[in-house]
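Visitor: First, the structure itself, so that you have it in front of you.
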Amino acid sequence: MGFAAVTGVISEATRTRDLIAQVGRSLFDRGLTPGSSGNISVRLSDGSMLMTPTGASLGRLDPARLSHLDARCNHLSGDKPTKEAFLHSCMYCRRKDAGAVVHLHSTHAVAVSMLAGVDAADVLPPLTAYYVMRVGRLPLIPYHAPGDRDLALAVDAQAERNHAVLLANHGPVVAGASLLDAQYAMEELEETARLFLLLGDRLIRPLTPDQADALRGP
């Protein structure tokens with residue numbers, strides 16, 4: 001491998017590490033995931049992943065200490081990865097277009113995940129065009145304890161058809177082509193969950209099925 005290729009890989013990793021820390025701080029500062037909850041990963045061009053470590057606050061990430069894993073989720077370097085690394089791996093395995101995954105414990109989305117009587121195939125109604133375009137459909141994954149490997153099977157079953165899922169009594173997981181795409185989709189999901197809860201039992205006028213399908217595309 002030539003010098004240019006080597007420096008290209010290094011510069012990609014360095015830029016990605018800094019971006020993960022910036023996005024994590026932004027999400028934390030706006031109250032979108034409390035304490036040491038939530039995790040972020042980005043898939044590099046060689047197929048390996050940079051991921052936030054276990055027990056780390058997204059508001060205080062050290063770019064140099066991010067976990068580096070290979071495509072099979074083997075730990076290569078950095079701090080020990082989050083125990084929820086398998087959630088990210090499932091998304092990358094099923095979605096070849098995914099370049100990043102964000103998992104948060106955002107308040108309104110978690111609240112919706114605890115409601116009885118929601119449509120498990122698509123938890124939130126299509127309230128806005130941007131929600132439909134950035135999130136699409138949002139299946140509810142039945143409750144599993146954090147770190148339970150059976151959760152991986154449940155997410156894996158949905159990941160090929162959906163780039164966002166909601167874990168019951170836990171929080172959302174969103175994949176995107178880039179970290180910013182995943183971040184923006186996650187923010188749209190949380191805002192739509194907030195709107196849904198604000199509307200409560202009022203009669204609502206969501207987008208029609210035809211309107212929503214036109215935004216989702218083929």
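The numbers here are math on the coordinates, done by the rules we state, and not lab data. For clarity, every value in this text was computed on a predicted model and none was experimentally measured. Note: ideal-geometry Cβ built from the backbone for every residue, glycine included; neighbour counts use all protein chains shown.
Visitor: Taking the Cα atoms only, what angle lies between the long axis of helix 179-199 and the longest principal axis of the chain, rounded to 10 degrees?
Guide: 20
Visitor: Can you find, among Val118, Met133, Ala185, the residue farthest towards the positive end of the dipole of segment 3-216? Put +1 on the C-beta of Lys and Arg, -1 on that of Asp and Glu.
Guide: Ranked along the dipole, the leading option is Ala185.
Visitor: Measuring from a point 7 Å past the Cα of Gln211 along Cα-to-C-beta, which residues in segment 95-130 have an amide N at less than 18 Å?
Guide: 124-130
Visitor: Here's a follow-up. What distance in nm separates the two pseudo spin-label positions at Met114 and Ser45, each 7 Å out from Cα along the beta-carbon direction?
Guide: Here the modelled spin labels are 4.5 nm apart.
Visitor: By the scheme Lys and Arg +1, Asp and Glu -1, what is the net charge of all other residues having a beta-carbon under 14 Å from that of Asp97? Don't skip to the end; give the middle numbers.
Guide: Details: positive: Arg43, Arg94, Arg95, Lys96, Arg161; negative: Glu160, Asp181.
For residues surrounding Asp97, the net value is +3.
Visitor: Only four residue types carry charge here, +1 at the Cβ of Lys and Arg and -1 at the Cβ of Asp and Glu. Report the dipole size of the chain about the Cα centre in Debye, rounded to the nearest 20. Walk me through the numbers before you get to the answer.
Guide: Numbers: 21 positive and 23 negative charges, 50 e Å.
The dipole magnitude comes to about 240 debye.
Visitor: Most exposed first by the Cβ proxy, i.e. fewest other Cβ within 10 Å, how do Ile141, Ile20 rank?
Guide: Numbers: Ile141 20, Ile20 23.
Fewest-to-most ranking of Ile141, Ile20: Ile141, Ile20.
Visitor: Using only Cα atoms, tell me the angle between helix 3-29 and the longest principal axis of the chain; keep it within 0 to 90° and round to the nearest 10.
Guide: 40
Visitor: Looking at segment 12-51, which trypsin sites (Lys or Arg not before Pro) are in a loop (DSSP not H, G, I, E or B) and have at most 16 other Cβ atoms within 10 Å?
Guide: Sites meeting the loop and neighbour criteria: Arg30.
Visitor: Arranged from highest to lowest average of other beta-carbon atoms within 10 Å per residue, in what order do the peptides 168-177, 197-206, 144-153 appear? Intermediate results must be reported in sequence, preceding the final value.
Guide: Working: 168-177: 22.5, 197-206: 9.3, 144-153: 13.4.
So the order, starting with the most tightly packed, is 168-177, 144-153, 197-206.
Visitor: So, R0 is 35 Å and r is the distance between the beta-carbons of Asp201 and Tyr143; what FRET efficiency does that work out to, to 0.05?
Guide: On the way: r = 25 Å, r/R0 = 0.71.
After rounding to 0.05, the efficiency reads 0.90.
Visitor: Next question. Nearest-5 percent of antiparallel DSSP beta bridges in the chain? Walk me through the numbers before you get to the answer.
Guide: Working: 21 of 23 bridges.
Among the beta bridges of the chain, antiparallel pairing accounts for roughly 90 percent.
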